[in-house]
Amino acid sequence: MKYRVTAPRRLEGTMCLPASKSISNRALILQALAGGESTQLYNLSACDDTAVMVYAMEHPQDLTIDIKAAGTAMRFLTAYYAVTPGTRLLTGTERMRRRPIGLLVDALRSLGADIEYRGSEGFPPLLVRGRKLAGKSLSLPGGVSSQYVSALLMVAPLLPEGLELRLEGTVVSRPYIDLTLAMMRSFGARAGWAGGESCVLRVEPTGYWPVEYTVEGDWSAASYAYEMLALAPEGGSLFLPHLYRDSLQGDSCVASLFAPLGVGTAYEAGGVRLVRTAPQLKGGETYEADLLRCPDLAQTMVVTCALRGVPFRFGGLQSLKIKETDRIFALRQEMKKLGFSLGEAEEEGRGTVLFWPAGQDTPGGAPQGVPAAPIATYDDHRMAMAFAPAALAAGAVEIEDPGVVSKSFPTYWDVLRRASFTIDNA
């Protein structure tokens with residue numbers, strides 16, 4: 001199945017976003033650890049990733065838990081089931097069975113967890129037998145997925161001595177760790193960075209208490225609204241409800257990332273308003289940014305800058321290779337269909353870097369009308385959502401397997417239709 005997307009010249013109105021998937025999935029784990037039904041959660045995300053978490057929590061008697069393509073669920077539930085009585089088999093899609101989880105399993109085993117691989121060593125499926133864990137300290141490479149760190153942190157208040165977790169080297173996606181810590185504290189835990197900006201995390205053995213918790217809107221999803229307004233030929237204005245200046249989400253930095261591209265953010269009662277402003281970048285100036293703390297914004301930033309003709313160098317993208325797909329490969333392949341060849345490099349202090357224009361070996365380009373080939377999505381929701389707005393610059397674009405958006409933003413295509421995009425079966 002393919003969608004053909006054509007776009008209006010101007011954007012106006014309200015764009016309703018989903019609730020935050022990152023917050024929803026953490027809240028479900030914390031709710032369960034705090035006593036389940038005694039904790040009230042409001043405004044949970046309706047996306048696929050959260051749906052599998054809800055199912056797992058509502059069916060504790062199930063022996064096999066299929067989390068499908070939900071990487072967050074695989075990491076969080078592995079740790080959760082390690083401290084929860086019972087035996088479960090955690091499995092998922094073929095891609096999920098090729099996503100590494102060995103570092104998390106090793107860390108949990110060092111605390112006494114009983115976890116067995118039921119396929120290839122270091123990869124799901126996992127047989128997890130819940131038990132009381134022990135242990136006081138752990139070390140992990142700072143470059144591992146922040147979801148490994150968050151999974152360990154969330155179960156740490158249940159350990160008899162708590163946990164001291166040392167992250168060695170550059171810490172990837174630190175805002176997601178900060179999000180986890182803040183939410184843990186909302187549920188009564190004592191957890192934080194030892195000494196402020198150090199690389200050591202400390203969690204006390206407090207357990208959790210039940211609270212009422214409301215999930216805010218999703219700043220990651222908001223990035224596509226920023227992209228659309230940046231690319232709209234005649235600009236406009238969009239209001240995004242349920243987003244706040246003091247958000248816990250690391251991807252709220254999208255507001256500052258799009259300011260140089262000419263999209264301003266006004267914080268109003270109940271949400272934010274996006275308006276077109278004068279770009280801060282001079283003509284031909286290269287946009288340099290380190291996306292280590294917000295790698296999920298990479299696809300949005302790459303597509304936007306290229307279609308605006310803004311040269312860029314984005315670093316800190318090494319974690320993109322182990323996401324729903326290898327997003328570095330996917331971006332480079334699909335951007336060629338729009339007329340752009342991206343360069344890739346490994347640079348000391350910057351990790352994996354994507355850049356354009358890339359020089360004579362990979363010349364830059366510009367969209368030459370409607371791309372001849374549809375955009376492949378690689379079972380990755382963010383590929384579909386980041387490339388659909390290209391219709392604003394290219395006239396139209398075809399998106400393969402558009403249903404992948406259900407992973408995080410199930411109403412995405414309806415939201416575009418309400419914003420006057422035309423979406424037809426191709």
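The values are calculated or read from the model by the stated rules, or taken from the named source; none is laboratory data. Since we're looking at a predicted model, the values are computed, not measured. We place every Cβ from the backbone using ideal geometry, glycine too, and count neighbours over all the protein chains shown.
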Next item on the list: Please work out which residue is nearest to Q280 (Cα to Cα), limiting yourself to segment 205-235 and to residues that are aromatic (F, W, Y) and assigned to a helix (DSSP H, G or I).
Entry: Y226
Notebook entry, point to check: Mind checking whether some residue in segment 93-101 is under 23 Å from Q31 (Cα atoms) and assigned by TED's automatic domain parsing to the domain that holds G142?
Noted result: no
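Are any residues in segment 236-272 part of a strand (DSSP E or B), surrounded by 15 or more Cβ atoms within 10 Å (Cβ to Cβ) and not hydrophobic (A, V, I, L, M, F, W, C), and if so, which ones?
Taking segment 236-272 as the starting set, the residues that turn out to be part of a strand (DSSP E or B) are 236-241, 263-268, 271-272.
Restricting the remaining residues to those that are surrounded by 15 or more Cβ atoms within 10 Å (Cβ to Cβ) gives 236-240, 263-265, 271-272.
G236, S237, G264, T265, G271, listed by residue number.
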Next item on the list: Go through segment 91-110 and count every residue that is surrounded by 17 or more Cβ atoms within 10 Å (Cβ to Cβ) and either out of contact with any Lys or Arg (no Cβ under 9 Å at 6 or more places or on another chain) or modelled with pLDDT under 95 (or both).
Entry: 5
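Go through segment 108-145 and give me each residue that's part of a strand (DSSP E or B), among the hydroxyl-bearing types (S, T, Y) and more than 20 Å from G169 (Cα to Cα).
First, pick out the residues of segment 108-145 that are part of a strand (DSSP E or B): 114-117, 126-129, 137-141.
From what is left, the residues that are among the hydroxyl-bearing types (S, T, Y) are 117, 137, 139.
Within segment 108-145, Y117 is the sole residue that qualifies.
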Notebook entry, point to check: If G217 satisfies every condition in (1) within 23 Å of L153 (Cα to Cα); (2) buried (at least 23 other Cβ atoms within 10 Å of the Cβ); (3) of a type in the set (G, A, S) but one, which is the exception?
Noted result: (1)
Check: Mind checking which pairs have a first residue in segment 15-44 that is farther than 14 Å from E212 by Cα and a second that is among the acidic types (D, E) and in a helix (DSSP H, G or I), Cβ under 7 Å, 6 or more apart or different chains?
Finding: K21/D49; N25/D49
Notebook entry, point to check: Restricting attention to segment 273-293, which residues are surrounded by 16 or more Cβ atoms within 10 Å (Cβ to Cβ) and within 23 Å of G316 (Cα to Cα)?
Noted result: L281, Y287, A289, L291, L292, R293
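Does T304 satisfy being modelled with pLDDT of 95 or more, of a type outside the set (D, E), in contact with an Asp or Glu (Cβ under 7 Å, 6 or more places away or on another chain) and in a loop (DSSP other than H, G, I, E, B)? Step through it out loud before you land on a result.
On the way: modelled with pLDDT of 95 or more: yes; of a type outside the set (D, E): yes; in contact with an Asp or Glu (Cβ under 7 Å, 6 or more places away or on another chain): yes; in a loop (DSSP other than H, G, I, E, B): no.
It is false that T304 is modelled with pLDDT of 95 or more, of a type outside the set (D, E), in contact with an Asp or Glu (Cβ under 7 Å, 6 or more places away or on another chain) and in a loop (DSSP other than H, G, I, E, B).
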Next item on the list: Could you list, in sequence order, all residues of segment 78-90 that are part of a loop (DSSP other than H, G, I, E, B) and surrounded by 14 or more Cβ atoms within 10 Å (Cβ to Cβ)?
Entry: V83, T84
Note to self: So, M57, is that one in the same structural domain as L133 (by TED's automatic domain parsing) and within 17 Å of the chain's Cα centre (by Cα) or not?
What the structure shows: no
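Can you go through G86, G92 and tell me which one is in contact (Cβ under 8 Å) with a residue 12 or more places away in the chain, closer than 29 Å to D401 by Cβ, out of contact with any Leu (no Cβ under 8 Å at 6 or more places or on another chain) and not hydrophobic (A, V, I, L, M, F, W, C)?
G92
For every residue, the table says whether it meets (1) within 22 Å of C199 (Cβ to Cβ); (2) aromatic (F, W, Y).
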{"position": "H59", "(1), (2)": "no, no"}
{"position": "L103", "(1), (2)": "yes, no"}
{"position": "F123", "(1), (2)": "no, yes"}
{"position": "L127", "(1), (2)": "no, no"}
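Kindly indicate which of Q318, Q299 is surrounded by fewer than 23 Cβ atoms within 10 Å (Cβ to Cβ), under 17 Å from the mean Cα position of the chain (by Cα) and touching a residue at least 24 places away in the same chain (Cβ under 8 Å).
Checking each option against the conditions leaves just Q318.
Considering only segment 231-258, how many residues are among the small types (G, A, S), over 14 Å from S20 (Cα atoms) and within 21 Å of the chain's Cα centre (by Cα)?
Restricting attention to segment 231-258, the residues satisfying the condition of being among the small types (G, A, S) are 232, 235-237, 247, 250, 252, 255-256.
Narrowing further to those that are over 14 Å from S20 (Cα atoms): 232, 235-237, 255-256.
Those left that are additionally within 21 Å of the chain's Cα centre (by Cα): 255-256.
Selection size over segment 231-258: 2.
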